[in-house]
Amino acid sequence: SSIEYNGKLQKAVLYTDTNGNHIVILSETGRVPSKKDEDYQSAELYAYHYSLTRTGKWIPDWRIYDFEKDCPLDLTCNFIPNSFAITDLNIDGKAEVWLMYQLLCTGDISPSTMKVIMYENGVKYAMRGERKVILSENPDTTYGGEFNFDSAFKNAPLIFREYANRLWDKHVIMTWK
């Protein structure tokens with residue numbers, strides 16, 4: 001009863017590390033009519049992290065909220081399937097929570113914005129960029145795919161950036177048909 005979230009549940013994962021017991025919840029609203037105009041749509045996504053206290057109560061540690069608002073065109077706002085992970089790459093007993101999502105409001109074949117977010121011990125690491133578009137009529141023609149690490153990632157252990165790069169490479173391709 002102490003765990004609250006917005007949107008429709010997409011995933012809930014319990015895990016334990018040296019800091020105790022935790023739960024991560026991913027949720028999305030899906031497309032909803034915009035408050036601005038009935039011809040527009042909006043969508044939101046959320047990630048929540050809770051920890052269990054010694055008294056048995058779940059308390060919030062961090063939250064991610066992102067969105068596409070008032071979109072009159074094709075709308076995408078979702079977590080990337082099969083990208084969520086909990087790791088301990090640096091073997092320090094503190095779990096790393098990984099998630100990826102994409103955002104897009106377009107009427108053409110533009111690449112979506114894609115983000116890799118990782119939390120370890122309450123610290124946020126972000127990799128932001130755009131997916132790579134492959135045009136189905138000419139598979140050799142691509143554009144997009146660039147990304148940047150935030151300063152936390154740039155100063156993090158190399159193993160974190162290597163894992164983020166592998167996630168990015170696995171999910172970067174976006175094919176329009």
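Here are the numbers for the structure shown:
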item	result
Answer residue from the stretch 103-118, given it is at pLDDT 95 or above and touching a Phe, Trp or Tyr at 6+ places or on another chain (Cβ under 8 Å) and is farthest from A85 (Cα to Cα) among those	L103
Residue within the stretch 151-165 that is part of a strand (DSSP E or B) and out of contact with any Cys (no Cβ under 9 Å at 6 or more places or on another chain) present	no
Selection count where residues are open to solvent by 30 Å² or more (accessible area, probe 1.4 Å), touching a residue at least 12 places away in the same chain (Cβ under 8 Å) and not in a strand (DSSP E or B), scope the stretch 105-130	5
Of the criteria (1) in contact with a strand residue (DSSP E or B) (Cβ under 8 Å, 6 or more places away or on another chain); (2) charged (D, E, K, R); (3) without any contact (Cβ under 8 Å) to a residue 24 or more places away in the chain; (4) over 20 Å from S2 (Cα atoms), which one K36 fails	(3)
Identity of the residue in the stretch 22-43, among the basic types (K, R) and surrounded by fewer than 14 Cβ atoms within 10 Å (Cβ to Cβ), that ends up farthest from K94 (Cα to Cα)	K36
Meets criteria (part of a loop (DSSP other than H, G, I, E, B), among the aliphatic types (A, V, I, L, M), open to solvent by 40 Å² or more (accessible area, probe 1.4 Å) and modelled with pLDDT of 95 or more) for I91	yes
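The values are calculated or read from the model by the stated rules, or taken from the named source; none is laboratory data. These figures come from a predicted structure and were not determined experimentally. Note that each Cβ is placed from the backbone with ideal geometry, even for glycine, and that neighbours are counted across all protein chains shown. The protein model used for the area step is the full one, side chains on, heavy atoms only, and it has no ligands, DNA or RNA in it. Shrake-Rupley method; radii C 1.70, N 1.55, O 1.52, S 1.80 Å.
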